[in-house]
Amino acid sequence: MLHATLALALLMLVPVSSLATDRVDEAGDCTVPEGRAAFQNTLDDVAQGQLRPLAAAHFSDHSGAVTAAEISARTFDETPCLLSFPLAPPEGALWLRFSISNPHGRDMDWTLAFMETILDEITLYEQTASGLILRARNGRVVPAEQHAMAGAKFAVPVRMAPGEEARFYLRVAGTFSEKITPTLVSTGFFHRWAASFGNVSAVLLGFTAMLAIISTALFRHVSARFYKYYTMFMVTSFLFTFLYDGWFNRVLNLQSPVTVTLPLIELAAGLGVIANIQYC
């Protein structure tokens, strides 16, 4: 039971994108239908909601210094049917270029979300005749008043008018994963997805708290010289969970980028393992 909390937390470090293939067709036979744009995205108007991989061209900005005014002049990789895109180093950023079309007869509110739910910053620009226009920002290090969506920080909304087609640029920075997997999601589907992720996060924190409460009843059976190890294990477990799930950001409104939190998370995990070994 002592190992359960740390094991569950470490499992959460496995990128969701690693559970999926990098391409739509595992056999490698990926072709774009004739007459259809390679990087055009849309969703059907269905009541139950929908989620589709975002078809996009990508550019890795290893320095993280490329601005919106410069990005249109950069050369993008237009590999078709790519689902997961390689992310630049922690201090860098990834740019995605894609088109979205609304063939329906009414306004459609969709969401651009990522399977990797921990992201420092997401910035959405729309290309217009006068240049790129900022449409939405979100992420852990983005001030609360600038969040495009309440609660979930791994997505930005996009509204499409009837018959509209537009080109967008999306800048992504700061995640624990080596790749990211963008999706185009209907609003209803995304709300259920975000709620599920929030529940999992709360369960992980609640499990750690429950373990601490149960431990108070077990302490009388433990030699006093081991208290310090078990206390250290519980503290590092809480610290790991608070850092990884962003509870410090939510409770204290701290904007700590991945470059700062990742070493702390690794330190908490390492100390927790050492304390658990000493205790056992």
Residue in the stretch 119-139 that is assigned to a strand (DSSP E or B), open to solvent by less than 60 Å² (accessible area, probe 1.4 Å) and among the aromatic types (Phe, Trp, Tyr) present: yes
Condition test on Val222, is it modelled with pLDDT of 80 or more, in contact with a helix residue (DSSP H, G or I) (Cβ under 9 Å, 6 or more places away or on another chain) and either within 19 Å of Asp245 (Cβ to Cβ) or open to solvent by less than 70 Å² (accessible area, probe 1.4 Å) (or both)? no
Neighbours by Cβ (under 7 Å, 6+ apart or cross-chain): first from the stretch 260-276, within 22 Å of Val141 (Cβ to Cβ); second crowded, with 19+ Cβ neighbours inside 10 Å and of a type in the set (Val, Ile, Thr): Ala268/Thr236
Within the stretch 60-80, the residues that are open to solvent by 40 Å² or more (accessible area, probe 1.4 Å) and not in a helix (DSSP H, G or I) are His62, Ser63, Ala65, Thr67, Ser72, Ala73, Arg74, Thr75, Asp77, Glu78, Pro80
Here are some conditions: (1) within 25 Å of the chain's Cα centre (by Cα); (2) modelled with pLDDT under 80; (3) open to solvent by less than 60 Å² (accessible area, probe 1.4 Å); (4) farther than 18 Å from Thr175 by Cβ. Gly270 meets all but one. Which one does it not meet? (2)
Being under 21 Å from the mean Cα position of the chain (by Cα), modelled with pLDDT under 55 and under 24 Å from Gly174 (Cβ atoms) is the requirement here; does Leu87 meet it? no
Please work out if Lys153 is in contact with a His (Cβ under 8 Å, 6 or more places away or on another chain), open to solvent by 40 Å² or more (accessible area, probe 1.4 Å), touching a residue at least 60 places away in the same chain (Cβ under 8 Å) and closer than 27 Å to Leu262 by Cβ. yes
Taking the stretch 161-176, which residues are part of a loop (DSSP other than H, G, I, E, B) and either touching a Gly at 6+ places or on another chain (Cβ under 7 Å) or buried (at least 22 other Cβ atoms within 10 Å of the Cβ) (or both)? Pro162, Gly174, Thr175
Give just the number: which of (1) at pLDDT 50 or above; (2) outside any loop (DSSP other than H, G, I, E, B) does Thr5 not satisfy? (1)
Those residues of the stretch 179-195 which are touching a strand residue (DSSP E or B) at 6+ places or on another chain (Cβ under 7 Å) and surrounded by fewer than 16 Cβ atoms within 10 Å (Cβ to Cβ), in sequence order: Thr187
Consider His104 against the criteria (1) in a strand (DSSP E or B); (2) open to solvent by less than 50 Å² (accessible area, probe 1.4 Å): it satisfies all of them except one. Which criterion is unmet? (1)
Quick count over the stretch 56-80, residues being out of contact with any Leu (no Cβ under 8 Å at 6 or more places or on another chain) and not β-branched (Val, Ile, Thr), is 11
Every listed condition ((1) crowded, with 21+ Cβ neighbours inside 10 Å; (2) modelled with pLDDT under 85) holds for Gly198 save (1)
Checked the stretch 97-123 for anything within 19 Å of Leu43 (Cα to Cα) and touching a Phe, Trp or Tyr at 6+ places or on another chain (Cβ under 7 Å); matches are Arg97, Phe98, Ser99, Ile100, Thr111, Ala113, Phe114
Verdict on Asp109 being open to solvent by 50 Å² or more (accessible area, probe 1.4 Å), among the acidic types (Asp, Glu) and either at pLDDT below 95 or under 18 Å from Leu184 (Cβ atoms) (or both): yes
Which residues, taken from the stretch 43-59, are touching a Lys or Arg at 6+ places or on another chain (Cβ under 7 Å) and part of a loop (DSSP other than H, G, I, E, B)? Leu43, Ala56
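The values are calculated or read from the model by the stated rules, or taken from the named source; none is laboratory data. Not measured: the values here are computed from a predicted model. Please note: Cβ atoms are built from the backbone with ideal geometry, for glycine as well, and neighbour counts cover all protein chains shown. When the accessible area is computed, the model is the full protein with side chains, heavy atoms only, and any ligands, DNA or RNA have been set aside. Shrake-Rupley method; radii C 1.70, N 1.55, O 1.52, S 1.80 Å.
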